[in-house]
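Have a look at the structure below, then the notes.
The values are calculated or read from the model by the stated rules, or taken from the named source; none is laboratory data. Note that the structure is a prediction, hence the values are computed from the model and not measured. A quick note on method: Cβ atoms are made from the backbone with ideal geometry, for glycine too, and the neighbour counts reach across all protein chains shown. Side chains are part of the model used for accessible areas, which takes the heavy atoms of the whole protein and leaves out ligands, DNA and RNA. Shrake-Rupley method; radii C 1.70, N 1.55, O 1.52, S 1.80 Å.
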Amino acid sequence: MLLRDRGFADHGRRSHPIGRLAGPTAKQLREEKMFTWYKQLTERERNTFWGCFAGWAVDAMDAQLFSFVLPILIVAWGMTTAQAGYLATATLLSAAVGGWACGYLADRFGRARIMQFTILWFCLFTFLAGFAQNFQQLMFLRILQGLGFGGEWAAGAVLMGEIIRAEHRGKAVGTVQSGFGIGWSAAAILAGVVLAHLPEEYGWRVLLMIGVLPGLLVLYLRRKIEEPEVFVKTRELVERSGTRPGLGAIFQPETLRITVLSSLLAFGVIGVGGAIVNWLPTFMRTVRGLPPSTSGYYVFVVTGGSFFGFLASAYLADYLGRRRTFQLFLVCSWLVTVAYMFLPLSGWLLVVLGAPFGFFTIGNYAALGPFFTELFPSAIRASGQSFAYNSGKAAGAAAVSSIGILAQYINLAEAIGLVALLGYGIAFAATLMLPETRGIQLTSGYEPPAPRPDTGVSSPPAQASVLRARR
């Protein structure tokens with residue numbers, strides 16, 4: 001049975017296969033204050049907002065704690081920079097697998113249910129990683145942790161995107177993603193305190209074990225979260241039709257282009273940005289000569305800047321559009337990365353530049369959630385969105401390892417700068433070929449958008465093939 005999305009005309013009277021363009025006008029956006037939109041959210045939207053915010057903050061904190069542990073283990077266990085890169089790579093690859101699998105499960109069983117399971121999973125294995133005795137054990141536990149880490153974003157992002165109304169989707173989903181900045185900052189503070197007061201030989205273990213505690217708070221918050229109406233309606237349509245899209249539905253010809261391009265965008269934004277953040281504590285210690293406790297405070301400034309970058313990117317995604325926001329942040333990310341790595345900075349100058357570094361390099365993540373939600377049709381939204389996000393992250397695993405390998409032949413700053421140039425360039429090219437989706441009203445169905453690369457908007461569905469759901 002074929003299920004079609006029904007839409008209305010956009011500015012050029014071209015119908016969009018996912019739904020109508022319901023975004024606010026430029027005048028309305030100029031008149032809207034930065035956070036007045038939050039007051040307009042319903043209780044259901046607010047419950048989802050805070051549940052996802054807390055979940056992503058914990059997610060980010062647990063992941064970032066490892067970056068402070070890494071330089072300690074390089075010394076304590078005699079690991080090479082390549083081995084350190086392999087640890088991060090294995091986690092990112094498992095996150096890609098976990099994200100894709102959890103996205104498929106979220107399409108089948110529900111976004112809220114899968115989201116609660118994933119946070120328990122990665123908190124548990126972050127805690128267990130504190131008991132690792134060697135490189136092999138830590139590798140195994142990091143792989144298991146990554147399965148839940150990837151699934152958390154997959155379920156939470158699509159849940160937020162489907163519950164929040166179109167005119168506030170970019171701001172709300174992007175602001176929730178600022179929870180990553182809170183989590184990273186919390187990790188930096190914890191690292192600074194714990195490593196300053198405990199011996200390194202077991203201080204890193206305590207640091208990882210702490211990561212299990214915030215998960216209890218998130219479970220409490222998420223008891224109030226409900227499934228989105230568009231998902232409930234889509235599931236009813238799927239059950240009545242007797243057909244269900246399989247794991248390969250996002251690779252059918254009608255959706256393959258969007259799947260590939262969104263994955264490339266995620267690679268540049270998350271993969272490369274995450275690779276730089278992963279190596280930042282090591283860069284601070286080996287290049288700048290800072291001890292782990294001090295470098296933690298420098299990273300706190302970077303991640304603090306990312307919090308405001310998330311907010312700015314979220315707001316601009318609704319004001320300028322998704323594509324222009326990415327393009328602006330990608331160019332600025334490259335420029336500030338070069339400055340941060342190569343200018344002869346020290347002391348307060350290094351701290352001051354750390355804020356814009358985090359603002360652009362990490363804050364760019366915020367627009368990914370709403371953009372990916374709008375690119376994929378409802379029946380395969382979580383599968384497509386999570387695959388794009390996590391495959392980009394997995395490809396970013398190559399960036400992490402590449403920096404570690406290159407650092408054996410050139411200095412670490414040059415390795416980071418070279419990988420950043422390549423990754424940001426690929427992401428910028430992807431934005432030129434993806435459609436602009438700001439303001440699309442989501443509806444139930446299977447049919448994906450048919451992007452027109454010359455205009456960056458969607459073409460009429462009359463010329464597009466219909467996606468057939470397959471078991």
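List of remarks:
- Whether the stretch 226-356 is rounded, prolate or oblate, judged on the alpha carbon gyration tensor where a/c under 1.5 counts as rounded: prolate
- Each Lys and Arg contributes +1 and each Asp and Glu -1, all at the Cβ; summed about the Cα centre of the stretch 143-258, the dipole is approximately 240 debye.
- The length gained by stretching the chain between Glu236 and Tyr409 to full extension, at 0.36 nm per residue less their Cα-Cα distance, is 56.6 nm.
- Per residue solvent-accessible surface (Å²) - the stretch 319-369, probe of 1.4 Å: 39 Å²
- For a paramagnetic label modelled on Thr80 (point 7 Å from Cα along Cα→Cβ), amide N atoms under 20 Å away belong, within the stretch 380-417, to 397-416.
- Listed peptides 379-389, 324-334, 193-203 by packing density, highest first (mean Cβ within 10 Å): 379-389, 324-334, 193-203
- The stretch 35-150 - percent of accessible surface contributed by carbon and sulfur, probe 1.4 Å: 70 percent
- When the stretch 305-439 is described by a simple charge dipole with +1 on each Lys and Arg Cβ and -1 on each Asp and Glu Cβ, the residue from Thr373, Tyr389, Ser346 located farthest towards its positive end is Thr373.
- Modelled this way, with points 7 Å down the Cα-to-C-beta line, the labels at Phe131 and Leu421 are 4.7 nm from one another.
- Segment Glu45-Leu216, extension gain: residue separation times 0.36 nm, minus the distance between their alpha carbons: 59.4 nm
- Averaged per residue, the stretch 45-103 has 26 square angstrom of accessible surface, using a 1.4 angstrom probe with ligands and nucleic acids left out.
- Scoring 124-135, 303-314 by mean Cβ neighbours within 10 Å over their residues and listing the highest first yields 303-314, 124-135.
- Distance between modelled label sites at Glu226 and Val287, nm, 7 Å Cα→Cβ extension: 5.0 nm
- Take each peptide in 64-73, 350-359, 224-233, count the other Cβ atoms within 10 Å of every residue, and average; sorted highest first, the result is 64-73, 350-359, 224-233.
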